[in-house]
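Have a look at the structure below before the remarks.
The values are calculated or read from the model by the stated rules, or taken from the named source; none is laboratory data. Since this is a predicted model, take the numbers as computed values, not measurements. Cβ sites come from the backbone with ideal geometry, for glycine too, and all protein chains shown count toward neighbours.
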Amino acid sequence: MRYLLPLSCLALSLSAQAEPLDPLIKEGMALIPPFQQQLMATVKSAVESGGPQQAVQACQQLAPQITAEHSEAPWRVGRTALKLRSQDNAPDPWERAVLEQFQQRAAEGEPLQNMSHAEMVDGEFRLMKAIPTGEACLACHGGSIKPELAALIDQYYPEDKARGFKLGELRGAFTLRRAVD
Ligand code: HEC
């Protein structure tokens with residue numbers, strides 16, 4: 001009996017350490033599907049109405065706008081990657097380290113689906129979720145982009161590194177942050 005109290009206190013303090021991030025993780029994760037769906041729907045309708053060329057223009061103009069729209073205070077949402085198309089999506093050092101961690105975890109056999117990482121960083125809650133390369137992404141991020149499309153991408157993104165991806169590879173990640181008081 002004597003040990004029961006200290007043991008349960010230990011259990012409580014352990015769970016108290018693990019739990020505070022859970023509601024934030026849940027809240028953040030819930031913001032990703034609507035953001036992702038709007039990006040996908042925008043690309044899809046642009047491809048349908050004018051082909052991939054039209055879609056590159058749509059992405060260039062609309063992706064930053066959609067990103068801003070989904071950043072409802074106190075949250076900021078975005079996408080980032082190690083191999084970038086738009087410099088506006090460049091990772092900061094923390095994001096770069098998490099992307100490298102994702103790559104490492106994938107190399108060790110962990111599926112990218114549902115791979116994520118959350119952490120408090122300088123008083124801010126930060127969350128990243130891996131984005132695998134899907135079939136629909138290859139037209140613009142794969143290894144054999146149509147020449148006329150590649151030319152257009154070169155024109156808009158002269159420093160583009162976001163091509164040559166294979167199906168299922170880590171394309172990038174959603175990245176979310178919010179201040180926590
Ligand atoms: C029609 C061409 C096109 C298709 C299809 C496409 N993308 Fe992109 N992608 C772009 C363009 C253009 C950008 C840069 C504009 C932006 O998003 O800010 C981009 C940017 C990104 C970024 C942000 C990081 C960066 O490199 O700037 C990620 C992540 C991304 N795409 C993932 C995907 C995934 C995953 C798919 C498939 C589900 C996909 N893309 C399909 C054209 C495309």
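Please count how many residues of region 128-145 are more than 10 Å from the ligand (Cβ to nearest atom) and farther than 14 Å from Ile32 by Cα.
Going through region 128-145 one residue at a time, the tally reaches 2.
Return only the number of the condition from (1) touching a residue at least 12 places away in the same chain (Cβ under 8 Å); (2) out of contact with any helix residue (DSSP H, G or I) (no Cβ under 7 Å at 6 or more places or on another chain); (3) away from the ligand (no atom under 15 Å from the Cβ) that Phe125 does not satisfy.
(2) is the only condition that Phe125 fails.
All but one of (1) surrounded by 17 or more Cβ atoms within 10 Å (Cβ to Cβ); (2) within 19 Å of Arg178 (Cα to Cα); (3) under 16 Å from the mean Cα position of the chain (by Cα) hold for Leu24; which doesn't?
Tallying (1) surrounded by 17 or more Cβ atoms within 10 Å (Cβ to Cβ); (2) within 19 Å of Arg178 (Cα to Cα); (3) under 16 Å from the mean Cα position of the chain (by Cα), Leu24 fails exactly one: (3).
Considering each of Leu24, Leu62, Leu31, Leu127 in turn, give the residue that is under 30 Å from Ala150 (Cα atoms) and not basic (Lys, Arg).
Leu62
Over 24 Å from Phe125 (Cα atoms), within 8 Å of the ligand (Cβ to nearest atom) and either touching a residue at least 12 places away in the same chain (Cβ under 8 Å) or among the basic types (Lys, Arg) (or both): is that true of Pro52 in this structure?
On the way: over 24 Å from Phe125 (Cα atoms): yes; within 8 Å of the ligand (Cβ to nearest atom): yes; either touching a residue at least 12 places away in the same chain (Cβ under 8 Å) or among the basic types (Lys, Arg) (or both): yes.
Taking the combined requirement at face value, the residue satisfies it.
Could you check Lys161 against (1) within 14 Å of the ligand (Cβ to nearest atom); (2) among the charged types (D, E, K, R); (3) crowded, with 17+ Cβ neighbours inside 10 Å and say which number it fails?
(3)
Condition (residue is within 9 Å of the ligand (Cβ to nearest atom) and touching an Asp or Glu at 6+ places or on another chain (Cβ under 9 Å)) applied to region 38-48: is it met by at least one residue?
Within region 38-48, not a single residue is within 9 Å of the ligand (Cβ to nearest atom) and touching an Asp or Glu at 6+ places or on another chain (Cβ under 9 Å).
Being farther than 21 Å from Asp22 by Cα, over 16 Å from the mean Cα position of the chain (by Cα) and not hydroxyl-bearing (Ser, Thr, Tyr): is that true of Pro93 here?
no
Of all residues in region 164-181 being over 19 Å from Ala106 (Cα atoms) and either of a type in the set (Gly, Ala, Ser) or under 21 Å from the mean Cα position of the chain (by Cα) (or both), which is nearest to the ligand (Cβ to nearest atom)?
Once the filter is applied, the top-ranked residue is Leu176.
Determine which member of the set Glu148, Glu110 is modelled with pLDDT of 95 or more, more than 15 Å from the chain's Cα centre (by Cα) and more than 10 Å from the ligand (Cβ to nearest atom).
After applying the criteria, what remains is Glu110.
Could you give every pair whose Cβ atoms fall below 6 Å, whose first residue belongs to region 64-81 and is within 14 Å of the ligand (Cβ to nearest atom), and whose second residue is hydroxyl-bearing (Ser, Thr, Tyr) and outside any strand (DSSP E or B), counting only separations of at least 6 or pairs across chains?
Short answer, once both residue conditions are applied: Val77/Ser71; Gly78/Thr67.
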